[in-house]
Amino acid sequence: MQNTLSLYHLVRQPKVKKDKNPLLLLLHGYGSNEEDLFSFAEQLPDEYLIVSARAPYSLPPYGNAWYAINFDAGMNKFSDEVQAVASRDLIAKFIDELIEAYPVDKEKITLIGFSQGAILSYAVALTYPKKTQRVAALSGYLNTDIAGKEYSKDELAKLKLFISHGTADQVIPVDWARKAPEFFRNLGIETEYHEYPVGHGVAPQNFYDLLSWMEKTA
């Protein structure tokens, strides 16, 4: 199955089988791979089909990226937004493929993204609001340049967000992350935001808060 869909992926089948199971789609960060977030899979709720996707752009020796990050002479970072938009659309297509390939409840699809995966999760939710119902954005930020420009409050009304960030994050400043909750709340979207005294990673308390949010919003 992994090789026939648009993105290579790992699967944890639901431990509680239903006719249609809710889907958790895990999107890793820059330079990582599908094994990273999948390490959490056994601790996630039993009723979910869990899919961890590998980003399309290879970064030797063993990592992958959803889009390139380039540096200029002053070591300023620039995102390749053409690649980012292509990955955004590829993830949306992949969601459709998963619905066809697995017994997925298309009304219960959650994206959990870390760093670059979180940035893409925001973009997918805003551009294709009918495809996702919940987004957990861990250590990312909202880049509206790679999201659809027309935000319909009606279409986004069902969306629920969990956003978390480390206050000592040296990769993505916490100030960048803080803009997202305000943006989504202004659209009337239910948003839960947490900060933790850590760097660019997922603290244990962060994971427990994420599980709690998933239970509350299921």
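Residue by residue through segment 170-209, note down the ones that are over 20 Å from Gly29 (Cα atoms), crowded, with 16+ Cβ neighbours inside 10 Å and among the aliphatic types (A, V, I, L, M).
Ile189
Within segment 146-156, is there a residue that is within 14 Å of the chain's Cα centre (by Cα) and surrounded by fewer than 17 Cβ atoms within 10 Å (Cβ to Cβ)?
No, there is no match, as no residue in segment 146-156 is within 14 Å of the chain's Cα centre (by Cα) and surrounded by fewer than 17 Cβ atoms within 10 Å (Cβ to Cβ).
Tally up the residues in segment 100-113 that are over 17 Å from Met214 (Cα atoms) and open to solvent by 40 Å² or more (accessible area, probe 1.4 Å), please.
Total meeting the criteria: 2.
For segment 161-169, check the following and say yes or no: at least one residue is more than 18 Å from Ile50 (Cα to Cα), open to solvent by 10 Å² or more (accessible area, probe 1.4 Å) and at pLDDT below 95.
no
Tally time: how many residues in segment 7-44 are polar (S, T, N, Q), surrounded by 15 or more Cβ atoms within 10 Å (Cβ to Cβ) and farther than 16 Å from Thr110 by Cα?
Of the residues in segment 7-44, 2 are polar (S, T, N, Q), surrounded by 15 or more Cβ atoms within 10 Å (Cβ to Cβ) and farther than 16 Å from Thr110 by Cα.
Quick check on this structure: which one of Ser6, Ser32 is polar (S, T, N, Q), modelled with pLDDT of 90 or more and in contact with a helix residue (DSSP H, G or I) (Cβ under 8 Å, 6 or more places away or on another chain)?
Details: Ser32 fails: in contact with a helix residue (DSSP H, G or I) (Cβ under 8 Å, 6 or more places away or on another chain).
Only one candidate qualifies: Ser6.
The values are calculated or read from the model by the stated rules, or taken from the named source; none is laboratory data. All of these numbers come straight from a predicted model, not from anything done at the bench. Quick reminder, even Gly has a Cβ in these numbers, built from the backbone with ideal geometry, and neighbours come from all protein chains shown. These accessible areas exclude ligands, DNA and RNA; they are computed on the full protein's heavy atoms, side chains included. Shrake-Rupley method; radii C 1.70, N 1.55, O 1.52, S 1.80 Å.
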